[in-house]
Amino acid sequence: MPENTRRNMGSTFYSLHYHVVFSTKERRPFIRSEWRSRLHEYLGGTVRGLGGVAEAVGGVEDHVHLLVSLKTIDAPAEFVRELKKASSIWVAQMHDPRFSWQEGYSIFSASWMHVPALRRYIGNQQEHHKKRGIETDAGEKWGELRGKVLGLRVAGFSGTPPGCRIHLNADRRSSRCSDLRLLS
């Protein structure tokens with residue numbers, strides 16, 4: 001190919017956005033409204049300290065949602081483990097010595113096109129849970145397509161992540177999440 005027609009990509013482009021959700025141990029309502037915003041600020045600072053970008057942090061008394069951007073070298077499982085560890089210690093020292101996070105978590109990759117909707121969803125958690133209730137939210141969201149996909153497990157939940165449309169391949173054995181849209 002002639003030199004003048006060749007195009008080089010001068011740098012690396014990535015857009016890695018994750019919606020992370022984790023709960024207090026046994027879904028107890030440990031996160032008091034008096035210090036919830038400070039916890040969200042602490043989580044955002046910890047995300048930055050771990051090299052990520054906290055695009056949105058929100059939640060209610062028994063769980064938190066984060067929208068984070070990570071680098072290509074970051075391992076999401078390690079990132080969440082360190083985030084939960086640091087914030088658990090902070091809450092126990094500053095607010096409630098009985099505090100801890102539940103062992104598991106949920107993490108979903110999100111297209112850059114869905115970041116604005118995720119920001120609104122995370123920022124509106126208080127209002128969202130006033131209408132729907134905390135206990136029913138996860139069950140309704142993640143269980144919506146239960147039974148339509150064979151053997152899908154996402155971070156400890158059966159069913160699918162919120163708004164995820166599943167397409168079965170022709171052999172009906174494998175599936176993938178092709179479109180993350182929030183259901184409201």
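Read-outs throughout are calculated quantities, based only on the coordinates presented, and are distinct from any laboratory measurement. On a predicted model such as this, the values are computed, not experimentally measured, just so you know. Counting neighbours? That spans all protein chains shown, and the Cβs are built from the backbone with ideal geometry, glycine included.
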| request: Show me 36-47, 56-67 ranked by packing, highest mean number of other Cβ atoms within 10 Å first. | output: 56-67, 36-47
| field | 3J(HN,Hα) from dihedral phi, segment 71-78, Karplus parametrisation 6.51/-1.76/1.60, rounded to Hz, x for glycine, proline | value | 7, 5, 8, 6, 9, x, 5, 5
| remark: Summing +1 per Lys or Arg and -1 per Asp or Glu among the other residues with Cβ less than 14 Å from Ala56's Cβ gives +1
